[in-house]
């Protein structure tokens, strides 16, 4: 080895993929990153269950009080709280990154069927062919 400065170049093939409104770098061969985890959707589901727990515990008397404390519009809080009405298997699929490609936060913030069977049927009907 000589004392002269040496340069080492490392090449890592990457793809930039949009996930939950953010860009993520995906390396080939890494299975964990091939999942379609939508971080924005996961955060919204977690926030919905947290807010529901706060309301049920009596920490806040109304959605309006909760919204004021969180410094968020009360209509948004109401829409996000509806996520607690999703079928448990749909929530689990979202958390595992295995939700249908048609499931995204803007779609879930729109009114949806409260019956779990109807929710499952809607997800299946809108599932993109693989």
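Values in this text are rule-based calculations from the coordinates and carry no lab data. Computed from a prediction, not measured in an experiment: that's the story for all the values here. Here Cβ is always computed from backbone atoms with ideal geometry, including for glycine, and neighbour counts include all displayed protein chains.
Miscellaneous remarks
- Computed over the range 36-125, relative contact order equals 36 percent, with contacts defined as Cα pairs under 8 Å that lie 6+ residues apart.
- Calculated from the alpha-carbon coordinates, the range 36-125 shows an Rg and a Dmax of 13.4, 39 Å respectively.
- Simple label model, 7 Å out from Cα along Cβ direction - residue 78 to residue 47, nm: 1.7 nm
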